[in-house]
Structure formats: structure tokens, C-alpha cells
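First the structure, in the form of C-alpha cells, and then the observations on it.
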Amino acid sequence: MRIALPALIVLVSLHGSAQTPALKEAFRGDFLIGAAINTRQTEEKDTAAARLIPRQFDALTPENIMKAEIMHPAWDRYNFDPADKLVAYAQRNHIKVNAHNLIWHSQLPTFLRRMQDADSVRAYFVNHITTIASRYDGQVYSWDVVNEALNEDGTLRNSIFLKKLGPDYIVEAFRLAQKAAPHTRLYYNDYNIEQPKKRAGAIALIKKIQAAGVRIDGVGIQGHWKSGNVPLAAIEASILEFSALGVEVMFTELDLSVLPNPWDHNTADVGQVAANRAGMNPYTNGLPDSAQDLLASSYADLFRLFLRHKGKISRITFWGIDDGMSWLNDFPIRGRTNYPLPFDRNYQPKKAYFAIIATKNP
Ligand code: XIL
């Protein structure tokens with residue numbers, strides 16, 4: 001009997017009698033496959049994850065430890081230790097690090113949030129970017145230089161940086177990063193920039209940076225979407241339009257929520273919180289087959305699209321390793337049980353994982 005290769009892979013894997021092909025191997029030569037991790041994983045306290053990460057991924061993004069509130073807790077104090085450990089871990093395991101992030105309106109240190117005077121904010125901005133970007137130049141592969149600077153309508157978000165430094169702060173952030181980190185790739189990262197209005201805002205931003213003669217190497221579309229409702233047409237248009245600007249396109253925080261959305265819009269704005277109410281947490285005892293299948297087919301549709309444009313896409317990063325560590329268990333409603341990733345709470349590959357791998361052998 002002849003069995004098609006994808007079917008064989010699924011059969012063998014489900015029975016656990018052979019090694020499942022790894023994500024990074026399946027897509028080698030197409031794009032890097034990454035995941036967001038945190039100190040539990042880099043310090044290898046979690047043995048299952050310690051085995052899984054180097055086998056499955058060739059890129060990683062620190063989920064929190066390189067954000068300003070952790071890296072720069074006081075005006076004249078930096079906390080490099082967790083990031084140094086992460087960099088060493090990645091080097092030992094031959095994994096590329098995308099550092100996340102230099103300038104973002106959220107997870108800011110308290111001293112900065114309280115700052116009123118524009119000159120002090122400017123001094124923070126210059127010191128923060130210069131100190132951190134130069135320390136990790138040549139150690140990390142890339143930086144999300146600016147994260148989430150846009151509103152849904154494509155205008156600039158009214159962050160402390162816009163208010164105190166004015167609309168050129170984004171160009172300035174890239175200029176400072178370019179000087180401090182000449183060997184590091186520099187990216188703009190945001191959610192919903194596949195949507196037409198916000199996409200137009202991102203394109204204008206990238207063009208403005210380029211017109212100033214400042215280097216920007218890529219754009220990260222975060223990719224926090226919903227199972228069964230992935231905006232494929234908008235994503236495809238974005239891949240084409242962003243890559244026409246001569247920059248790398250990446251999907252940097254991919255996860256597909258399977259839970260009800262409390263709102264009629266899709267957001268990854270960490271500042272937005274919704275109250276829990278009846279019906280909002282339906283799968284505390286496990287994900288039904290129908291929802292598991294929908295997640296698998298949503299991921300397969302997405303990866304088929306990615307593969308069609310593989311020459312334009314440099315990296316796909318999942319926002320987490322396994323369902324248990326996903327931020328979507330607490331966003332936008334705290335304490336739910338979500339299943340947005342290709343690995344389950346026991347680090348076992350889900351149907352979604354096999355569906356993703358199978359897109360390589362249609
Ligand atoms: C999230 C982390 O996953 C959480 O652990 C943290 O509490 C809040 O931030 N967009 C981003 C990420 O760029 O940094 C956010 O990460 C998710 C949305």
C-alpha cells in the first residue's frame with residue numbers, strides 16, 4: 001500500500017513511534033520559525049521546553065525581559081542579567097534573537113510614566129536606545145525598534161513619546177538605533193497593520209524613515225488573530241505592499257485565539273481589559289474536536305499563504321511555546337483557558353502542528 005507522505009507523517013507521529021519533523025526543519029530555506037520565551041525557558045527550569053525549543057525553533061523573541069520596565073527600572077539603572085542569559089542561551093543553541101523592544105508606550109518603568117518635562121523624556125529616549133542597542137549589537141540578530149506606534153485609523157498613537165517628542169520620534173528612534181547597533185537588523189512592529197487604514201499608516205511611516213535616509217530593514221505584523229476568522233486577503237495585500245517598499249516582512253507574534261471575543265473588534269492592545277461573563281470561558285475541560293479542527297485549518301490556510309510568498313517573508317514567530325504559557329489565557333479577559341498555539345499544555349504537538357507541517361507537502 002502506498003501512503004502519501006503527509007499522511008505517513010501524521011500516522012507515525014500520532015503513534016509516537018518516530019520523530020515528528022520539526023517546524024524549523026520543515027520550513028528551512030523558506031523562513032525562520034520563532035517563538036516568544038521567558039526566563040523559565042532560558043534558564044532551562046522547564047525540562048520539556050528545554051528539549052523542545054532548540055529542536056523546533058531557529059529564532060526566539062523575549063516575551064517580556066527586554067521591555068523597558070524590566071531592562072531599565074530606574075533612571076540610571078539597567079537590569080541586563082535576564083537578557084544576557086537569554087543571549088547566551090540562544091548562542092549555545094544556535095538560535096537567532098529578535099530583541100523586543102526599544103520604544104513602546106506600554107510596560108514602561110514608573111519613573112518614565114511620571115515624567116512631565118520633555119527634556120527629561122528626550123534624555124531617557126536617547127540613553128535608553130543607545131545604551132541597550134549598543135550593548136547587544138552583534139549579540140542579537142534584530143530589534144523591534146518601535147512597537148505599536150499607530151492607531152487603528154493609521155494616525156500616530158498619543159503615547160508619551162508623541163506628546164513629549166513630537167511626530168518625528170520614530171525616525172529619531174531608528175536613527176539612534178542605527179548608530180548604536182550597526183550590525184543589527186532594525187524593524188517596526190505592530191498589530192492589525194494588515195488592515196487597510198492602519199497598513200497605510202505603517203507604509204507612510206516606513207517611507208518617512210526611508211526618506212530621512214535612515215535604515216529600516218523590516219516590518220513585523222504581529223498576527224494576533226482568531227481561529228476561523230483569519231483576515232487572509234488583507235494579510236496577502238500587506239505582504240505585497242510592505243515588501244514593495246524593499247523591507248523584510250515578518251509575522252512576529254502569531255497566535256489564533258479559540259475563545260469568544262468580548263468585543264466586535266480585534267485588538268492586541270495590552271491596556272484593554274474586558275470583564276469575565278457567562279459563556280466567555282467555554283473550554284476549561286479541553287478543546288472539542290470541532291474547535292481543534294478549525295484551529296488546524298486556520299493555521300494551514302495561513303501557512304499556505306505564507307509559503308506562496310515565502311521569498312518576501314523572513315520569519316514566522318509564535319507568541320509562546322505551548323498553550324499553557326500563552327498570554328491569551330489572560331488577555332483580554334483574565335483567567336481563561338485558551339488554546340492558540342501548535343503545542344498543548346503538555347508540550348505535545350496538536351492537530352494544528354501537523355496541519356502546519358503538512359502545508360509543505362500538499
Ligand atoms: C504581552 C506579553 O505576552 C505578556 O506576558 C505581558 O503581560 C503583556 O505583553 N503585543 C506585543 C507584546 O508587542 O509585547 C505583548 O506581549 C502582546 C501584544
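Okay, here's what the table says:
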| read-out | value |
| --- | --- |
| Number of the condition not met by LEU256 [criteria: (1) part of a loop (DSSP other than H, G, I, E, B); (2) within 16 Å of the ligand (Cβ to nearest atom)] | (1) |
| Test for PHE251: is it in contact with a strand residue (DSSP E or B) (Cβ under 6 Å, 6 or more places away or on another chain) and away from the ligand (no atom under 15 Å from the Cβ) | no |
| Those residues of the range 60-98 which are within 24 Å of MET250 (Cα to Cα), out of contact with any Ser or Thr (no Cβ under 9 Å at 6 or more places or on another chain) and among the charged types (D, E, K, R), in sequence order | GLU63 |
| Cβ pairs under 7 Å, 6+ apart, first in the range 25-39 and touching a residue at least 40 places away in the same chain (Cβ under 8 Å), second away from the ligand (no atom under 16 Å from the Cβ) and among the charged types (D, E, K, R) | ALA26/LYS360; ASP30/LYS310; PHE31/LYS310; LEU32/ASP58; LEU32/LYS96; ILE33/LYS24; ILE33/ASP58 |
| Filtered residues of the range 279-327 (kept if away from the ligand (no atom under 16 Å from the Cβ), over 28 Å from LEU240 (Cβ atoms), part of a loop (DSSP other than H, G, I, E, B) and not polar (S, T, N, Q)) | GLY279, MET280, PRO282, TYR283, GLY286, LEU287, PRO288 |
| Elements of type helices (runs of 4 or more DSSP H) in the range 118-181, at least 3 residues being touching a residue at least 60 places away in the same chain (Cβ under 8 Å) and of a type outside the set (Lys, Arg) | 169-180 |
| Set ARG175, ARG185: member being out of contact with any strand residue (DSSP E or B) (no Cβ under 8 Å at 6 or more places or on another chain) and at pLDDT 95 or above | ARG175 |
| Single condition ALA268 does not satisfy, out of (1) touching a residue at least 60 places away in the same chain (Cβ under 8 Å); (2) within 16 Å of the ligand (Cβ to nearest atom); (3) crowded, with 21+ Cβ neighbours inside 10 Å | (3) |
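Listed here are the residues, each with its yes/no results for (1) closer than 24 Å to ALA268 by Cα; (2) of a type in the set (Phe, Trp, Tyr); (3) within 16 Å of the ligand (Cβ to nearest atom).
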position	(1), (2), (3)
ALA149	yes, no, yes
GLU152	yes, no, yes
THR155	yes, no, no
ILE170	yes, no, yes
LYS179	no, no, no
HIS183	no, no, no
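The values are calculated or read from the model by the stated rules, or taken from the named source; none is laboratory data. Values in this document were obtained by computation on a predicted structure and should not be read as measured data. We place every Cβ from the backbone using ideal geometry, glycine too, and count neighbours over all the protein chains shown.
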